[in-house]
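Trainee: This structure is in structure tokens; I'll ask about it shortly.
What follows is calculated from the coordinates using simple rules that are stated; it is not laboratory data. Worth saying up front: this structure is predicted, and the values here are computed from it rather than measured. Glycine gets a Cβ as well: all are built from the backbone with ideal geometry, and neighbour counts include every protein chain shown.
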There are 2 protein chains.
Amino acid sequence: MLVKAETAREVCIAALTRHGVSAANAGIQAELLVQAELMGHPSHGLQRLPRIIERIGNGVIDPVATGAHDWRTPSLLDVDGQMGLGPVVLVQALEEAARRTPETGVVLGAIHNSNHIGMLSWYVRHFAERGFVSIIVTTSEALVHPLGGRRAMIGTNPLAIGVPATPDPFVLDMASGLVSMGKIHDYAARGEPIPDNWALDAEGNPTTDAAAAKGGAIAPFGGGKGYGLGLGIELLVGALTGCALGTDVKGTLDSDKVCNKGDLFILIDPAHVRGTGISAYLDEIRHIAPIDPASPVLVPGDRAVRVRAERTAKGIPVNPDVWRQIENYTTQKGKLS
Amino acid sequence: MLVKAETAREVCIAALTRHGVSAANAGIQAELLVQAELMGHPSHGLQRLPRIIERIGNGVIDPVATGAHDWRTPSLLDVDGQMGLGPVVLVQALEEAARRTPETGVVLGAIHNSNHIGMLSWYVRHFAERGFVSIIVTTSEALVHPLGGRRAMIGTNPLAIGVPATPDPFVLDMASGLVSMGKIHDYAARGEPIPDNWALDAEGNPTTDAAAAKGGAIAPFGGGKGYGLGLGIELLVGALTGCALGTDVKGTLDSDKVCNKGDLFILIDPAHVRGTGISAYLDEIRHIAPIDPASPVLVPGDRAVRVRAERTAKGIPVNPDVWRQIENYTTQKGKLS
């Protein structure tokens, strides 16, 4: 079924406010989920809403919190997320930082005690459209194994970079696992084997059995470099937020544990962003000869912009079961609340 | 032949000062080259010295410059490298930033008009040993092709991250190409074929001919993610330093062009680094069961520390031709100077 973005937004907001989320907070959380659908990332879209509502019901998300801001120095914003909704806490922190950057040029934000922040590209794209350069990293429960190791010790630890450009900003949003655990679940649900380099089973042996991989560990992307990057992100976030590390991280995949990962951002004021040549350079890349004539070279973010245009016009393809569940939340309390 | 680090340092300093480099500047440049040898990265070691001296002779490195510092805001340091030696300009900028971080918590440094900064791990390791978290990125001449594209449009764009830990800091230093052009040159010199996924030839076709790859383009590491990361680094550095981009970048591989790439760093004050648990977490990773019992799991930086201990004791293996050339520079002007 196809659902218009505006309808999806309204239904998400209704479901969230029905479960105690303030109107302002519901608007932010709903927008993130709908943007993920519009950008073609349903794994970060509406299907996340039931868990969020379950977590509210279990008291591990505070639906009205917005985060407490502590400026440790003029440029360093420490945020206690107060167990708030991840996107709410992050957006409020980014806006607080954006009010400060005209003075300091750069703000480093370190967030702890918040919840899952979802699709990172939404945040960096939004701020790039306002002229800011930004970098965001976050951690998650351990799902990725160190190179050559038999078990998961590192989060999927995505990195996002936003740089202003025309007609659309450069937007990178990449996890440091070779694939997502969601994709492995999809293979398992279809009974299909996975490629032999994707994951280990629970005993730490390489497997092509998607069901076995669900209890195991995802490979880092790009061998030793991707392993190093994912671990580097885990340590940067840990060192600057004081959050839990590795297998101590909880609350990003479950419905009932306090979330103890961290988020980190760097925001740079538009006055210090020198855009000269960036848009032309990106266009030059798009127009070099492709190896496959049918596949023009893309710049990170291009595909999402195209998908967004299509889905804004035609609607978002939504799983009817997910949609029914969300509609039910608008009129009744979730099963765990 | 084996050369003691102290001897290598002295000979490098003598060669540099013979060519107009101030004693202080020579000490920094020499230390970087020797540390690269000690850490097991000869491609960034003594063999770089002849080009540096040629560039001084050609007037595209100013041997006494240290960089002009412009605090655009309390936290944003803009550096005109004044065509100085890359390590000199970067070390002076990092030290200037380190004097500021007690007040601001974080400093973003943006350097233009400087030269090749060499092995990034040296800088982040040094500051991590002093308690700082740091990130450094830099650009180079275009050597890497965009994913699916036929020619080089992106620098090798390394990223380094340093995080304090005991007994040794976490030190990541990775380029965004799948391999270095130096490695392809080594294969070509030996007449050996390269794997078919490493590089394209000058016409943009995949090749296993190392000699043909020298005039072509290196693949990004890790597919679309490594491509995105390398391009993201190019844009971050470009946006914040105003440096040249892509195929406009010169002066990192040649001996006679003004270097127009950029460098970027983030330095975070030790007072805001929360080390709790990081060292224990890294040890936990080192001790998980390895897939290959003969290959224990390593943390980025481990191998370099081990090699450094060996080479500090036994000496650095040096190519006799390279050593003779450097010794000659201590008593006579280089051919181009």
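Trainee: Given a 10 angstrom Cα cut-off, can you work out which residue in A:His287, A:His19, A:His41 is the most mobile in a GNM of chain A?
Mentor: Among A:His287, A:His19, A:His41, the largest mean-square fluctuation in the Gaussian network model of chain A belongs to A:His287.
Trainee: So, one more: For each pair in A:Lys214/A:Lys257; B:Lys4/B:Lys314; A:Lys183/A:Lys314; B:Lys183/B:Lys214; B:Lys183/B:Lys225, compute the distance between the two Cα atoms and list the pairs where it is over 18 Å.
Mentor: Over 18 Å apart, Cα to Cα: A:Lys214/A:Lys257; A:Lys183/A:Lys314; B:Lys183/B:Lys225.
Trainee: Please report, for A:Thr312, the nm distances (one decimal) from its label point, 7 Å out from Cα along the beta-carbon direction, to the equivalent points in the remaining copies, shortest first.
Mentor: Reported distances to equivalent positions: 5.8 nm.
Trainee: Inter-copy label distances at B:Glu203, 7 Å along the Cα→beta-carbon direction, one decimal in nm, shortest first?
Mentor: Result for B:Glu203, in nm, nearest copy first: 5.0.
Trainee: Placing the label point 7 Å from Cα along the Cα-to-Cβ direction, what are the distances from B:Thr247 to the equivalent spots in the other copies, shortest first, in nm to one decimal?
Mentor: Sorted ascending, the copy-to-copy spacings read 5.2 nm.
Trainee: Gaussian network model of chain A, Cα springs within a sub-10 Å range: biggest mean-square fluctuation belongs to which of A:Glu141, A:Glu103, A:Glu129?
Mentor: Top of the fluctuation ranking is A:Glu103.
Trainee: Hey, another quick one. Rounded to whole angstrom, how close does the nearest chain B beta-carbon get to the axis mapping B onto A, and which residue is it?
Mentor: B:Gly222, 1
Trainee: Find which of B:Ser180, B:Thr208, B:Gly191 sits farthest along the positive direction of the dipole of the stretch B:179-218, computed with +1 on the beta-carbon of Lys and Arg, -1 on that of Asp and Glu, about the Cα centre.
Mentor: Of B:Ser180, B:Thr208, B:Gly191, it is B:Ser180.
Trainee: Out of residues 5 or more away from A:Asn260 or on other chains, whose amide H comes under 5 Å of its own, with H placed 1.01 Å from N in the peptide plane?
Mentor: A:Lys250
Trainee: Relative to the Cα centre, what is the charge dipole magnitude of chain A, using +1 at the beta carbon of each Lys and Arg, -1 at the beta carbon of each Asp and Glu, and rounding to the nearest 20 debye?
Mentor: So the dipole magnitude of chain A works out to roughly 360 debye.
Trainee: Further, regarding this structure: Which FRET efficiency value, to the nearest 0.05, is calculated for B:Asp70 and B:Gln332 with the Förster distance at 51 angstrom and r the Cβ-Cβ distance? Numbers along the way, then the final one.
Mentor: Details: r = 39 Å, r/R0 = 0.76.
The calculated FRET efficiency here is 0.85.
Trainee: For a Förster distance of 51 Å, can you work out the FRET efficiency between the beta-carbons of A:Arg99 and A:Ala202, rounded to the nearest 0.05?
Mentor: According to the calculation, E is roughly 0.60.
Trainee: Residues of the stretch B:78-119 with amide nitrogen under 13 Å from the 7 Å Cα-to-Cβ point of B:Val258?
Mentor: B:81-84, B:112-115
Trainee: Roughly speaking, what is the stretch gain from A:Thr166 to A:Ser43, that is 0.36 nm per residue apart minus the C-alpha to C-alpha distance, in nm to one decimal?
Mentor: Values: separation 123, 0.36 × 123 = 44.28 nm, distance 2.81 nm.
Gain in length upon complete extension: 41.5 nm.
Trainee: Please work out the Cα center distance from the stretch A:125-154 to the stretch A:162-235, rounded to the nearest Å.
Mentor: After rounding, the separation between the Cα centres reads 11 Å.
Trainee: Ok, one more. Go ahead and run the numbers for FRET between A:Thr276 and B:His185, Cβ-Cβ distance against an R0 of 45 Å, rounding to 0.05.
Mentor: 0.85
Trainee: Could you list A:Val11, A:Val307 in order of exposure, starting from the residue whose Cβ has the fewest other Cβ atoms within 10 Å? Could the numbers behind the result be given before it?
Mentor: Numbers: A:Val11 20, A:Val307 15.
Sorted ascending by nearby Cβ count, the order is A:Val307, A:Val11.
Trainee: I'd like the antiparallel share, as a percent to the nearest 5, of DSSP beta bridges with both residues in the protein assembly as shown.
Mentor: 85 percent
Trainee: Rounded to the nearest 20 debye, what is the charge dipole size of the stretch B:179-218 about its Cα centre when +1 sits on each Lys and Arg Cβ and -1 on each Asp and Glu Cβ? Working shown, then result.
Mentor: Details: 3 positive and 6 negative charges, 33 e Å.
For this selection, approximately 160 debye.
Trainee: Same structure, new question: Using the Cα centre of the stretch B:264-319 as the reference point, and only Cβ charges (+1 on K/R, -1 on D/E), how large is the resulting charge dipole? Debye, rounded to the nearest 20.
Mentor: Around 260 debye, computed over the stretch B:264-319.
Trainee: What residues have an amide H closer than 5 Å to that of A:Val133, excluding those fewer than 5 places away on the same chain, when H is modeled at 1.01 Å from N in the peptide plane?
Mentor: Close amide H contacts, sequence-distant or interchain: A:Ile268.
Trainee: With point charges of +1 on the Cβ of Lys and Arg and -1 on the Cβ of Asp and Glu, referenced to the Cα centre of chain A, which listed residue (A:Gly315, A:Leu245, A:Ile218) lies farthest in the positive direction of the dipole?
Mentor: Among A:Gly315, A:Leu245, A:Ile218, the one farthest towards the positive end of the dipole of chain A is A:Gly315.
Trainee: Continuing with this model, one more query. Tally Lys and Arg at +1 and Asp and Glu at -1 over the other residues with C-beta under 11 Å from the C-beta of B:Gly242: what net charge comes out?
Mentor: -1
Trainee: Right, another one. If I take every Cα pair under 8 Å that is 6 or more residues apart in chain B, average their sequence separation and divide by the length, what percent do I get for the relative contact order?
Mentor: 24 percent
Trainee: Right, here's the next one. Which residue fluctuates the most in chain B, going by a Gaussian network model with Cα springs under 10 Å, if the choices are B:Pro42, B:Pro220, B:Pro102?
Mentor: Comparing B:Pro42, B:Pro220, B:Pro102 in a Gaussian network model of chain B, the most mobile one is B:Pro102.
Trainee: Within the stretch B:1-120, what percent of beta bridges assigned by DSSP are antiparallel, to the nearest 5?
Mentor: 40 percent
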